Amino acid sequence: MEFIDLPPMLRATGTVRLPGSKSISNRVLLLAALAEGDTLVEDLLDSDDTRVMRNAIVALGVQVEEEGGALRVSGCGGRFSTLRADLFVGNSGLSIRTLVPAIVASLSGCDDAAAEVRLSGVPRMHERPIGDLVDGLTQLGARVEWLGEPGYPPLALKPATLGAERVSVRGNVSSQFLTGLLQAAPLVARDKPLVIEVEGELISRPYVEITLNLMERFGVRVEREGWSRFTVPASQRYTSPGRIAVEGDASTASYFLAAGALGGGPVRVVGAGRRSIQGDVKFADALAVMGAEISWGDDWIEARAPASGKLKAFDLDLNHIPDAAMTLSVAALFADGPSTLRNIGSWRVKETDRIAAMAAELRKLGATVDEFPESLRVTPPAALRPAVIDTYDDHRVAMCFSLVTLGGPYVRINDPKCVNKTFPEYFQTFAGITRPVPVLAIDGPSASGKGTVAARVAAALGFDHLDSGALYRIVALAALDKGVALDDEATVAALASALPARFEGDRVLLDGRDVTDAIRSEACSVGASRVAVLPAVREALFWRQRAYRRGPGLVGEGRDMGSVIFPDAPVKIFLTASAEARADRRYKQLIGKGMPANMDDLLRDLRERDERDSRRAVAPLRKEDDAVLLDTSDMTVDQAVDFVMAEAAALR
């Protein structure tokens, strides 16, 4: 499976120009297709979901042409011309729930008795309910055939004359059912008004506001009584406004506004502000409840962390911003206590069961999560853990969990391309406003002096120091101390994953105990070789080494720091020396400690180890293309440190 590794971030600041709103883009595409005349659509979102809608209207006979950076849609005047089609809607709920009523209206009075439009999608789409919408359409006289499980796609639409003047639809599953009926209503109410009644509570009302606003832009007026009854007067037609611009996506804005609140800020989003027609701009109000500092402009919003530095826990009804509410569930990890997200039952029927998915992934980070049918309670951990996040083919899961990096841990996002559904450039844009914890990676062969240089450079920079080679020795020592068999892979890996080791200058500490000399014993050397071949131990130490990357920065030294552990390190040094120079240094070191040494033996051992290290199957020792070569054969330690400090100047 593809993945992207996101490092810990020091802060977030900057400005983001939002991509076009998906909710507005797909509504505008369909309304322009149904209108009389040509519509030039500007700032249209280019994503999987909008391509689904664009491909569908083209398949139904609508002419679409690129015009500069805009899209010209030649409307069909209220009736699609091609009514024999198979449409694939991917996992775009808005597309299928608005296309179906519009196609049903086009099929009404169709002269082609063999006309049929089939709609299908990805497997998850075939689990997302559409039965309530179809029930409403059958009240009007529609002919719909289920091609799989009744109530769910795929389905086939066939010609039938629509004649009813009143239709009812449930409002507590998805507001998109009402949006679909509203947008098709003028095509049905040709001679008499059409009344749409909502059964029960209408969820996600701001999205219906978007629908009504855009219908009016295309010349159709809707009368409503609260949120329970909508009347579309007779004899109205969609007419092109000529030109329409899609405003920035307010749901997408939530990730960047949250980044500002979680990562210091300020972060400003441009393209949606106080004049937006999207309800998700109210996400900023929820951040304000948490204590974030929020500023507004007509087409921008800006967020920064509270002056106190700590966000407050919340208990909020989020029915009005269900998509943006997902971002709040991650923000809850940064709060000063348990937070509760209420009235989010619609999450259950989205791209995935979002309540279950968010609960599962939040727990991986160490949070305590209580899951209820229509709500979620998130209690943050004392410290966030690194985690591998599964995304369930849900773009919003992937984008939400990138924010966790502002709390310190590494995060691996599986299937990152799922963001293509709404924002293909998300991770590049996120990288543009965040600053990763800097890493100076020093790799090189044994006895090259990298440990001494790394320790001194770390002290000079005020960064943490990681001696990766010592970690395997520490694991062996910890196992021996606890009486754990060195071939007990699961237990040794568990020790490795929680290893309480740190490095202070030339000293190595294990749970506060100085083990500098102990890990150099023959038993630890042999033990290190044995545990290093265990895959689970290597995996545990992979993440354990990454956990040393925390502010203000890290100097990591070993054999695969720049190639495997920290491939994104902005400064990489390959520190080496001739085998003769290294043997001479090791000889003097041993003699200085009163230990026996033989120059020929040391030289032979180093050459043999260099050969093994360069040929090993996993992470062979080599200079990376982006690493700076430093040969210290004829250098003093001070000269080597000065060289590295000059290369690391940009990290300060």
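The values are calculated or read from the model by the stated rules, or taken from the named source; none is laboratory data. No experiment lies behind these values; they were computed from the predicted model shown. Backbone-built Cβ (ideal geometry, glycine too); neighbour counts: all protein chains shown. When the accessible area is computed, the model is the full protein with side chains, heavy atoms only, and any ligands, DNA or RNA have been set aside. Shrake-Rupley method; radii C 1.70, N 1.55, O 1.52, S 1.80 Å.
How far, in degrees from 0 to 90, does helix 637-647 lean away from the longest principal axis of the Cα atoms of the chain, to the nearest 10?
On a 0 to 90 degree scale, this one is about 10.
With a 1.4 Å probe and every protein chain kept in, tell me what percent of the accessible surface of segment 240-367 is carbon plus sulfur. Don't skip to the end; give the middle numbers.
Numbers: 1710 of 3770 Å².
Using a 1.4 Å probe with all protein chains present, segment 240-367 comes out at 45 percent carbon and sulfur.
Going by a ≥ b ≥ c, the root eigenvalues of the Cα gyration tensor, does segment 389-436 fall in the rounded group (a/c under 1.5), the prolate group (a/b larger than b/c) or the oblate group?
oblate
For the chain, what's the relative contact order in percent, using C-alpha pairs closer than 8 Å and at least 6 residues apart?
Once divided by the residue count of the chain, the mean separation gives 13 percent.
If you take every residue apart from Gly151 with its C-beta less than 11 Å away from the C-beta of Gly151, what net charge results, scoring Lys and Arg +1 and Asp and Glu -1? Mind showing how you got there, number by number?
Numbers: positive: Arg128; negative: Glu127, Asp132, Asp135, Glu149.
Charge balance in the 11 Å sphere: -3.
Among Leu94, Gly68, Ser47, flag the residue with its Cα farthest along the positive direction of the charge dipole of segment 1-106, charges on Cβ as +1 for Lys/Arg and -1 for Asp/Glu.
Leu94
Place the peptides 28-41, 345-358, 92-105 in order of packing, highest mean first, counting for every residue the other Cβ atoms within 10 Å and averaging per peptide.
Ranking, from highest mean packing down: 92-105, 28-41, 345-358.
Please compute the net charge surrounding Pro306, taking Lys and Arg as +1 and Asp and Glu as -1 over other residues with Cβ under 9 Å from its Cβ.
Within the 9 Å Cβ shell, the charges total +2.
Chymotrypsin sites (Phe, Trp or Tyr not before Pro), restricted to segment 394-481: which are DSSP loop and have at most 13 other Cβ atoms within 10 Å? Mind dumping the intermediate values first?
Working: sites: Phe401, Tyr410, Tyr426, Phe427, Phe430, Phe463, Tyr472; in loops: Tyr410, Phe463.
Passing sites in segment 394-481 do not exist.
Along the charge dipole of segment 335-459, which of Ser375, Ile433, Trp347 sits closest to the positive end, that is, farthest toward it, with unit charges on the beta carbon of Lys, Arg, Asp and Glu (+1, +1, -1, -1)?
It is Ile433.
Hey, which of these cross-link pairs are over 26 Å Cα-Cα: Lys350/Lys417; Lys312/Lys364; Lys22/Lys350; Lys417/Lys572; Lys312/Lys421?
Lys417/Lys572; Lys312/Lys421
Kindly provide the trypsin sites (Lys or Arg not before Pro) of segment 241-298 that DSSP labels as loop, not H, G, I, E or B, and whose Cβ sees at most 14 other Cβ atoms within 10 Å.
Working: sites: Arg243, Arg268, Arg274, Arg275, Lys282; in loops: Arg274, Arg275.
Sparse-neighbourhood loop trypsin sites (Lys or Arg not before Pro): Arg274, Arg275.
Which one, Ile196, Val222, Leu119, is farthest towards the positive end of the dipole of segment 107-257 when Lys and Arg carry +1 and Asp and Glu -1 on their Cβ?
Comparing the listed Cα positions along the dipole, Val222 ranks first.
When a/c is below 1.5 the answer is rounded, else prolate if a/b is larger than b/c, else oblate, so apply that to segment 405-479 with a ≥ b ≥ c taken from the square roots of the Cα gyration tensor eigenvalues.
prolate
Would you list Lys417, Lys450 from the most to the least accessible area, probe 1.4 Å?
Most to least solvent-accessible, the answer reads Lys417, Lys450.
Once both axes come from the Cα atoms, what is the angle between helix 131-140 and the longest principal axis of the chain, in degrees from 0 to 90, rounded to 10?
In the chain, helix 131-140 runs at an angle near 10 degrees to the longest axis.
Dipole magnitude of segment 1-87 about its Cα centre, charges +1 at Lys/Arg Cβ and -1 at Asp/Glu Cβ only, in debye to the nearest 20? Don't jump to the answer; show the numbers that get you there.
Working: 9 positive and 13 negative charges, 55 e Å.
So the dipole magnitude of segment 1-87 works out to roughly 260 debye.
Answer rounded, prolate or oblate for segment 292-360, using the Cα gyration tensor with square roots of eigenvalues a ≥ b ≥ c: rounded when a/c is under 1.5, else prolate when a/b is larger than b/c, else oblate. Don't skip to the end; give the middle numbers.
On the way: a/c = 2.44, a/b = 1.44, b/c = 1.70.
In terms of gyration-tensor shape, oblate.
Quick check: Cα centre of segment 578-652 to Cα centre of segment 313-367, how many Å?
51
Taking K and R as +1 and D and E as -1, what net charge do the other residues with C-beta under 11 Å from the C-beta of Met645 add up to?
Local net charge: -1.
Sorted by accessible area (1.4 Å probe), largest first, how do Leu202, Leu384 line up?
Ranked list, largest accessible area first: Leu384, Leu202.
Which label marks the calculated value of Rg/Rh (Cα atoms, Kirkwood Rh), given the options [x] 1.28; [y] 0.95; [z] 1.10?
Matching entry in [x] 1.28; [y] 0.95; [z] 1.10: [z].
Which loop trypsin sites (Lys or Arg not before Pro) in segment 516-551, with loop taken from DSSP, have no more than 15 other Cβ atoms within 10 angstrom of their Cβ?
Numbers: sites: Arg520, Arg530, Arg538, Arg544, Arg546, Arg549, Arg550; in loops: Arg549, Arg550.
Answer by residue number: Arg550.
For helix 205-217, report the angle its Cα long axis makes with the longest principal axis of the Cα atoms of the chain; keep it between 0 and 90° and round to the nearest 10°.
With both axes taken from Cα atoms, the answer is about 60 degrees.
Taking the Cα centre of segment 239-314 as origin and charging only Cβ (+1 Lys, Arg; -1 Asp, Glu), how large is the dipole, in debye to the nearest 20?
160
Is there a quick way to get the dipole size of the chain? I mean about its Cα centre, with the Cβ of Lys and Arg at +1 and of Asp and Glu at -1; what is the value in debye to the nearest 20?
Charge dipole, the chain, about its Cα centre: 580 debye, nearest 20.
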